[in-house]
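Presented below is the structure to which this report refers.
The values are calculated or read from the model by the stated rules, or taken from the named source; none is laboratory data. Please read all numbers here as calculations on a predicted model, not as lab measurements. When we count neighbours, we look across all protein chains shown, and the Cβ atoms used for this are built from the backbone with ideal geometry, even at glycine. Ligands, DNA and RNA are stripped out before the accessible areas are found, and what is left, the full protein with its side chains, is counted by its heavy atoms. Shrake-Rupley method; radii C 1.70, N 1.55, O 1.52, S 1.80 Å.
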Amino acid sequence: MDLIQQIIERAKSNKQRIVLPEAEEERTLTAADRVLADDIADIILIGNPEKVHALAAEKGLTNIGKATLIDPLNCDKSEEYAQLLAELRKKKGMTIEQARELVKNPLYLGCMIIKTGDADGQISGALSTTGETLRPALQIIKTAPGITCVSGAMLLITQKPEFGENGVLVVGDVAVTPMPDADQLSQIAVCTAQTAKSVAGFDDPRVAMLSFSTKGSATHEVVDKVIEATCLAKELDPALKIDGELQADAALVPVVGKKKAPGSEIAGNANVLVFPNLEVGNIAYKLVQRLGDAIAIGPILQGIARPVNDLSRGCSVEDIYYLVAITACQAMDAK
């Protein structure tokens, strides 16, 4: 069974409630129909009921009736949500009138549904920007305990079973924080290891903090940042298996790891890679994807107290379908 199917089966084993706030969008509704047909998750759709039903009829989507459909302009809990939102944002000066308008926005409404415990995760982005997806999540759901930095992980499924976890690597950050400081980098390490567990199903995440230096082979302030981040990550999660600084070959190739970092339990054996900054991470995964014919799944947003994931506006129905399963797996672990 390949990793994607494993993720789907894990989602099916403990169904979560996933909000799709862009229900009037064709790809989203088609993916929702498929998710419901395959019994992967319980779906909460936000949109105008007449438009949603008309689109479902037009496309021959026969499973949409299994979803919970909420009209953002006529929601029974709108006032309850508005009162709570105003309370959450009162230090920022939000009035009840402003809150009442915001809960008509499907992205805000979805996050309020999660905040009050009536849903477990949310996916948007087919129509919305990353900023529009993240803003309500950070204002309402907020970051996980001990975490202040949101980041993005990528699953890399390679054709090299000798590397990572039978050819699978989880890498971060590839999507959100351009120049993390040592504290943020330590959080990225902890969150990426957690994604490796909850989504990729790794029983034993082994984290390599990557650099152009291995164990003092070079000196520079950017190397010092990676070393400091490694120490901070151990403090944040004492059970985490992590080492750094390591060059990529020392992290992945056993013979190189033994030579460059003797005695390290991670060197040559890593299945989670943490990049020193976003520029390196984004370039690296795309090179592996294009030149190494790896399958790249993500980015998967991490660090939010309940999973909220972002789609590309050029996403396919399959992208949304798989991201529902991924978000469901994250939600299981976030409870």
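In table form, for the structure just shown:
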item	result
Rounded tilt (10° steps) of 26-38 against the dominant C-alpha axis of the chain	80
Most fluctuating residue given options Q98, Q122, Q187, as computed from a GNM of the chain linking Cα atoms under 10 Å	Q98
Eligible lysines near K259 by straight Cα distance, threshold 18 Å, same-chain separation 8 or greater	K215
Within the chain, helix-based [θ] at 222 nm, where runs of 4 or more DSSP H residues each add -39,500 (n - 2.57), nearest 500	-13500 deg cm²/dmol
For M332, solvent-accessible area (1.4 Å; no DNA, RNA or ligand), Å²	50
Pairwise Lys count, the stretch 80-186 - Cα closer than 21 Å, eight or more residues apart or different chains	11
Loop GluC sites (Glu not before Pro), the stretch 131-214, which have at most 10 other Cβ atoms in a 10 Å radius of their Cβ (DSSP)	E162
Summed side-chain charge close to P299 - residues other than P299 whose Cβ falls under 15 Å, Lys, Arg +1, Asp, Glu -1	-2
Helix axis angle, 221-236 relative to the chain longest principal axis, alpha carbon, degrees	60
Distance in nm between pseudo-label sites at E132 and D204 (7 Å out along the Cβ direction from Cα)	4.6
Apportionment of accessible area to carbon and sulfur, the chain, percent (1.4 Å)	50
